[in-house]
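Visitor: Have a look at this one before I ask anything.
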Amino acid sequence: MKPTHLAMAVIAAAMSFALTAAADNAPLPPASTKTGVTYATDMKPIFDASCVKCHSGDRAKARLHMDTLEGVLKGTKEGSILKTGDSANSFIIKCVAHTTEDRDSWMPPMNNKAGIKPLTPEQIGLVRAWIDQGAK
């Protein structure tokens, strides 16, 4: 029995819905217990490896500059990407943890041309600690 195009479309839609629902309900990695987390020491190496290729220079995507502390704190053309002291509700965490409903917001993007891998739970935990500690 061959599946029809309609049946295949229904199956694809159901799978997409299931993946989105799973992402929305996925728990965030816990914040790191490391104290004294700073942009210069801890965040810059992560952002340089995973974010700066697209989020720096004259053509920074979403006008977000991740190559400087000032740029990260300024945010995108739409506004701030973090809530200082509240990593769990910071947009940047939802993006790097791939828990936003909008897959276009997942960072780094899945299957990106540069081959940049998603942040590890440990890296996400460190970014969370940085935000929770005041994003300095």
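The values are calculated or read from the model by the stated rules, or taken from the named source; none is laboratory data. This structure is a prediction, so every number in the text was calculated from the model and none was measured. Here the Cβ is made from the backbone with ideal geometry for all residues, glycine too, and neighbour counts use every protein chain on show.
Visitor: Give me the residue from region 62-98 that is surrounded by fewer than 18 Cβ atoms within 10 Å (Cβ to Cβ) and among the β-branched types (Val, Ile, Thr) and, out of that set, nearest to Ser32 (Cα to Cα).
Guide: Thr84
Visitor: Quick one: in region 47-60, which of the residues that are among the small types (Gly, Ala, Ser) and assigned to a loop (DSSP other than H, G, I, E, B) is surrounded by the fewest Cβ atoms within 10 Å (Cβ to Cβ)? Before the answer, list the steps.
Guide: Taking region 47-60 as the starting set, the residues that turn out to be among the small types (Gly, Ala, Ser) are 49-50, 56-57, 60.
Filter again for assigned to a loop (DSSP other than H, G, I, E, B), leaving 56-57, 60.
Numbers: Ser56: 18, Gly57: 10, Ala60: 17.
Once the filter is applied, the top-ranked residue is Gly57.
Visitor: Restricting to region 69-116, name every residue that is of a type in the set (D, E, K, R), at pLDDT 95 or above and in contact with a helix residue (DSSP H, G or I) (Cβ under 6 Å, 6 or more places away or on another chain). If you could, list the steps in order and put the result at the bottom.
Guide: Step one: filter region 69-116 for residues of a type in the set (D, E, K, R), giving 70, 74, 77-78, 83, 86, 94, 101-104, 113.
With the extra rule that they be at pLDDT 95 or above, the set shrinks to 70, 74, 83, 86, 94.
The one that is of a type in the set (D, E, K, R), at pLDDT 95 or above and in contact with a helix residue (DSSP H, G or I) (Cβ under 6 Å, 6 or more places away or on another chain): Lys83.
Visitor: Kindly indicate whether any position in region 116-126 is β-branched (Val, Ile, Thr) and more than 14 Å from the chain's Cα centre (by Cα).
Guide: no
Visitor: I need the full set of residues from region 81-136 which are in contact (Cβ under 8 Å) with a residue 60 or more places away in the chain, among the polar types (S, T, N, Q) and within 18 Å of Lys61 (Cβ to Cβ), in order please.
Guide: Hit for region 81-136 is Thr100, nothing else.
Visitor: Sticking with this one: Hey, can you tell me all the residues within region 97-115 that are within 9 Å of the chain's Cα centre (by Cα) and at positive phi?
Guide: We begin by selecting, within region 97-115, every residue within 9 Å of the chain's Cα centre (by Cα); these are 97-100, 105-109.
Hit for region 97-115 is His98, nothing else.
Visitor: I've got another one for you. Kindly provide the set of residues from region 61-88 that are assigned to a loop (DSSP other than H, G, I, E, B) and in contact with a strand residue (DSSP E or B) (Cβ under 9 Å, 6 or more places away or on another chain), ordered by number. Before you say what the answer is, go through the steps one by one.
Guide: Keep residues of region 61-88 that are assigned to a loop (DSSP other than H, G, I, E, B), which gives 64-68, 75, 77-78, 80-86.
Passing the criteria: only Leu64.
Visitor: Looking at region 25-46 only, could you name the residues that are within 17 Å of His98 (Cβ to Cβ), at pLDDT 95 or above and assigned to a helix (DSSP H, G or I)?
Guide: Correct list: Ile46 only.
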